C-alpha cells in the first residue's frame with residue numbers, strides 16, 4: 001500500500017509525537033509498503049519577513065535533510081507542501097494519516113484523497129485551539145487511533161465509530177538497562193525540559209529545590225528541544241539529545257522525575273523505566289497506561305510538591321525499593337511491544 005503520514009512541519013529537534021510517527025513509518029517500510037511523509041511547512045519562518053520563493057527553497061532543503069535526530073529509513077519519500085506540485089508527488093494514496101489536531105487534520109480532510117483516512121491522536125490537543133474545535137476533529141469520520149484509554153473515553157463520545165486503542169510501543173533492544181540501578185550515583189535525577197505549562201516544569205523545579213536542600217550533592221540532568229535555559233550549576237542540560245544520549249542519561253540516574261499536569265501518554269517516562277531508572281511521577285491520566293504505583297513507579301497527586309519530594313526521598317533512602325521499582329519497571333515495559341502495535345495498525349488500515 002501507499003501510505004502517507006502528514007506532519008505539521010519539519011521538526012529539527014526531538015519531538016515525541018513525531019518520533020512515534022517515524023517509528024511507524026520505518027516499520028511499514030520493512031513490511032514492504034511505500035511510505036511518504038508530507039510536512040506542512042507553511043508556518044516555517046513565520047516570524048520573519050521572507051519571500052515565499054525563498055521560504056519554499058528553505059523548506060525543500062529542511063524536508064530533505066531532517067530529521068537528523070532520528071534514523072528515518074531512506075526509502076521514505078519526504079515532501080514539503082510548499083512545493084507547487086506536492087499533490088502530484090504524493091500520487092494516489094491508499095492510506096493517509098493525520099497526526100495532529102492543528103493543520104494536519106484539515107489537510108487530510110480537505111486537500112488529500114485516500115481510500116482510508118486515519119487520525120493518530122496522541123494527546124488532548126487543546127493548547128492552541130478551543131475544546132469545540134478539537135472535538136470537531138474527532139467527528140470527521142476518520143478511523144481514529146488513540147494511544148491511551150483516557151483518550152479513548154473522550155474520543156468515543158464524539159467519533160462516529162469506535163476508536164482503536166494502540167498504546168505507544170517501545171523498542172527494548174534500544175531502551176535497555178546497561179548500568180544496574182545499584183551501580184549508579186545515588187542522588188541523581190533526570191527529567192525532560194519542556195516549556196509548555198501542561199508539562200509541569202514549574203512544579204518540577206520546586207521539587208528539585210527542596211531536594212537540593214536535603215541532598216547538597218544532588219545532580220540533575222535535563223534534556224529537551226529548547227535552547228538552554230538559565231540553570232544552577234548542579235543541573236546539566238542537553239539540547240536535542242540523540243536517542244543514544246537519552247539512553248545514556250536514563251542509565252546514569254536513580255530517578256526519572258515527571259511533574260506533568262496532563263499528557264496523552266508520557267513517552268520519556270516509559271523510556272526511562274525501560275532503562276532501569278525509578279519513575280517518580282505525578283498521577284496524570286496518561287502515565288497510568290504503564291505506571292503502577294508502588295510496583296514499577298511512585299506516583300503522587302498532580303501539583304503536590306511535598307508528596308513528590310517524599311517519593312524521591314523514598315527511592316534515595318531505600319535500596320530495596322530502588323531495586324524493586326527498577327526491576328519491575330524493566331519487566332513491565334516489555335508488554336509494550338512493537339509487534340503488537342503493528343498488528344493493530346495493520347488491522348486498522350486493511
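Among 44, 231, 120, which one shows the highest mean-square fluctuation when the chain is modelled as a Gaussian network with alpha-carbon springs under 10 Å?
Greatest mean-square fluctuation among the candidates belongs to 231.
Just to confirm my numbers, what's the Cα centroid distance between the stretch 48-98 and the stretch 156-233 in Å?
31
Sequence gap at least 6, Cα distance under 8 Å: using those rules, report the relative contact order of the stretch 181-335 to the nearest whole percent. Spell out each step's value before the answer.
Working: 295 pairs, mean separation 38.4, N = 155.
Taking the mean separation of contacting Cα pairs over the length of the stretch 181-335, I get 25 percent.
If you line up the Cα atoms of the stretch 181-335 on their principal axes, what length do they span on each, largest first, in Å?
36, 33, 32
Between residue 115 and residue 242, what length in nm is gained on full extension when 0.36 nm per residue of separation is reduced by their alpha carbon distance?
Contour length minus Cα-Cα distance gives 42.1 nm.
To the nearest 0.05, what FRET efficiency results for residue 54 and residue 136 with a Förster distance of 30 Å applied to their C-beta separation? Let's see the in-between values first.
Numbers: r = 35 Å, r/R0 = 1.16.
Using R0 = 30 Å, I get an efficiency of 0.30.
Measure off 7 Å from each Cα along the Cα-to-Cβ vector at residue 230 and residue 320, then give the distance between these two points in nanometres to one decimal.
Each label point is offset 7 Å from its Cα along the Cβ direction, giving 4.6 nm.
Mind ranking 166-174, 324-332 by how tightly packed they are, going by the mean number of other C-beta atoms within 10 angstrom, highest first?
Details: 166-174: 17.8, 324-332: 19.7.
Taking the mean over residues of other Cβ atoms within 10 Å, the ranking is 324-332, 166-174.
Give the residues of the stretch 323-350 whose amide nitrogen is closer than 19 Å to a point set 7 Å from the Cα of residue 173 in the direction of its Cβ.
Label zone hits: 331, 333-344.
Which of 73, 128, 294 ends up with the largest GNM mean-square fluctuation for the chain, with Cα atoms connected below 10 Å?
Checking each option, the largest mean-square fluctuation is seen for 128.
For a quick check: sort 265, 205 by the number of other beta carbons within 10 angstrom, fewest at the front.
On the way: 265 25, 205 17.
In increasing order of surrounding Cβ atoms, one gets 205, 265.
Separation between the residue 343 and residue 127 pseudo-spin-labels, each 7 Å from Cα along Cα→Cβ, expressed in nm?
Each label point lies 7 Å from its Cα, and together they span 3.3 nm.
Can you grab the distance from the C-alpha centre of the stretch 276-304 to the C-alpha centre of the stretch 107-152, Å, no decimals?
27
Determine the gain in length on full extension of the stretch residue 335-residue 92; use 0.36 nm per residue of separation and subtract their C-alpha separation, reporting nm with one decimal. Each step should come with its number before you reach the end.
On the way: separation 243, 0.36 × 243 = 87.48 nm, distance 3.62 nm.
Once the chain is fully extended between residue 335 and residue 92, it gains 83.9 nm.
Would you mind computing, in nm to one decimal, how far apart the modelled labels at residue 102 and residue 158 are, each placed 7 Å from Cα along Cα→Cβ?
1.6
Hey, can you rank 129-138, 303-312, 95-104, 143-152 by average C-beta count inside 10 Å, highest first?
Numbers: 129-138: 15.3, 303-312: 18.5, 95-104: 23.4, 143-152: 21.9.
Result, highest mean first: 95-104, 143-152, 303-312, 129-138.
What FRET efficiency would be calculated for the residue pair residue 294, residue 31, taking the C-beta separation as r and a Förster radius of 56 Å, to the nearest 0.05?
The pair residue 294/residue 31 has a calculated efficiency of 0.90.
What 222 nm value per residue comes from the helices of the chain, counting each DSSP H run with n ≥ 4 as -39,500 (n - 2.57) and dividing by all residues, nearest 500 deg cm²/dmol?
Working: 11 runs with 118 residues, N = 350.
-10000 deg cm²/dmol, from helical runs alone.
Rule-based calculations on the coordinates, nothing more; no lab input. Predicted model only: the values in this text are computed from it and were never measured. All Cβ positions, glycine included, derive from the backbone under ideal geometry; neighbour counts span all protein chains shown.
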